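Enquirer: Sending over a structure as structure tokens; questions will come in a sec.
The values are calculated or read from the model by the stated rules, or taken from the named source; none is laboratory data. Computed from a predicted structure; not experimentally measured. As a convention, Cβ positions derive from the backbone with ideal geometry for all residues, glycine included, and neighbour counts pool all protein chains shown. Surface accessibility is based on the protein's heavy atoms, side chains included, excluding ligands, DNA and RNA. Shrake-Rupley method; radii C 1.70, N 1.55, O 1.52, S 1.80 Å.
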Amino acid sequence: LLAEADVVIADRLGPRDLLAELPPHVEVIDAAKIPYGRYMAQEAINQALIEHAKQGKSVVRLKGGDPFVFGRGMEEVQALAEAGIPCTVVPGISSSISVPGAAGIPVTHRGVAHEFTVVSGHVAPGDERSLVDWPSLAQLTGTLVILMGVDKIGKIAETLVAHGKSPDTPVALVQEGTTAAQRRVDATLASVAETVRAQDVKPPAVIVIGAVVAVGPPASE
């Protein structure tokens with residue numbers, strides 16, 4: 001699809017190395033730099049998709065991970081449908097699976113975890129906007145993968161422990177996974193808040209909580 005594109009609207013976290021392979025005539029629009037401010041950014045992206053498509057151009061929306069896992073892919077599909085513009089959705093591999101895998105962490109493992117749960121951590125436990133049942137998550141025995149949760153991990157860990165998770169539960173934070181800057185930092189629920197501060201862990205990072213963290217090779221730092 002990229003080979004046939006006239007316009008590519010790319011996310012900051014998308015596979016941007018692919019952009020270097022595009023022919024010179026292809027217009028590349030950085031979605032992170034679309035104006036109107038943060039609140040209006042999605043509406044502006046939707047409008048850009050529609051405007052270029054209505055000009056008869058082949059438009060590719062290049063995202064990272066999977067467009068329907070904590071992305072706004074469906075909002076874009078809905079906007080295109082309302083404008084009468086057909087589109088094709090290309091499934092991706094969610095960072096909730098690919099980033100732990102790149103760091104040597106299996107989200108499931110025979111005899112260790114028969115389930116994994118993917119949660120958005122962008123809203124802290126206790127926030128009235130949260131749609132996550134954190135007390136119930138604390139009762140699960142499988143793997144917990146948290147996206148967008150670096151700055152909330154202290155509160156998340158505290159809540160999980162308060163509702164029954166062992167403070168010794170292993171935690172791994174994989175920063176900038178699958179890129180040249182990837183690094184893994186290990187901790188426990190009891191120590192993760194301090195570890196994030198001490199190791200200066202920054203977004204984007206995928207957080208893995210559970211026994212699977214100890215199955216593969218440990219962090220190399």
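Enquirer: Over the chain, give the accessible area per residue in Å² for a 1.4 Å probe, as an integer.
Expert: Ligands and nucleic acids excluded, the result is 56 Å² per residue.
Enquirer: A follow-up question, please. If contacts are Cα pairs under 8 angstrom and at least 6 residues apart, what is the relative contact order of the chain in percent?
Expert: For the chain, the relative contact order is 17 percent.
Enquirer: Measure off, as a whole percent, the carbon and sulfur share of the 1.4 Å-probe accessible area of segment 76-126, all protein chains present.
Expert: Of all accessible area on segment 76-126, carbon and sulfur atoms account for 58 percent.
Enquirer: Given the C-alpha atoms of segment 106-221, compute the convex hull and give its volume per residue in Å³.
Expert: In segment 106-221, the Cα hull volume divided by residue count equals 97 Å³.
Enquirer: Taking the chain as a Gaussian network, Cα atoms linked when under 10 Å apart, which of ASP168, ASP186, ASP17 shows the biggest mean-square fluctuation?
Expert: ASP17
Enquirer: Between the helical axis of 73-82 and the dominant principal axis of the chain, each derived from Cα atoms, what acute angle in degrees is found, rounded to the nearest 10?
Expert: 30 degrees
Enquirer: OK, next. What area, in nm² and to one decimal, does the C-alpha convex hull of segment 1-131 cast on average over all directions?
Expert: 10.8 nm²
Enquirer: With P(r) over Cα pairs in 10 Å bins from 0, in percent in mind, check [x] 8, 30, 30, 20, 11, 1; [y] 8, 33, 34, 18, 6, 0; [z] 7, 25, 27, 23, 13, 4, 0 and report the label derived from this structure.
Expert: From the options [x] 8, 30, 30, 20, 11, 1; [y] 8, 33, 34, 18, 6, 0; [z] 7, 25, 27, 23, 13, 4, 0, the structure gives [x].
Enquirer: Let me ask something else. List the GluC sites (Glu not before Pro) within segment 66-165 that fall in a DSSP loop (any state other than H, G, I, E or B) and whose Cβ has at most 15 other Cβ atoms within 10 Å.
Expert: Those that pass, being in a loop and sparsely packed, are GLU115, GLU128.
Enquirer: With a 10 Å cut-off between alpha carbons and a GNM built on the chain, which of ILE85, ILE45, ILE156 moves the most?
Expert: ILE85
Enquirer: Using a 1.4 angstrom probe on heavy atoms only, work out the carbon and sulfur share of the accessible area of segment 142-221 in %.
Expert: 54 percent
Enquirer: Continuing with the same structure: Provide the percentage of antiparallel DSSP beta bridges, counting only those with both residues in the chain; round to the nearest 5.
Expert: So the antiparallel bridges amount to about 55 percent of the total.
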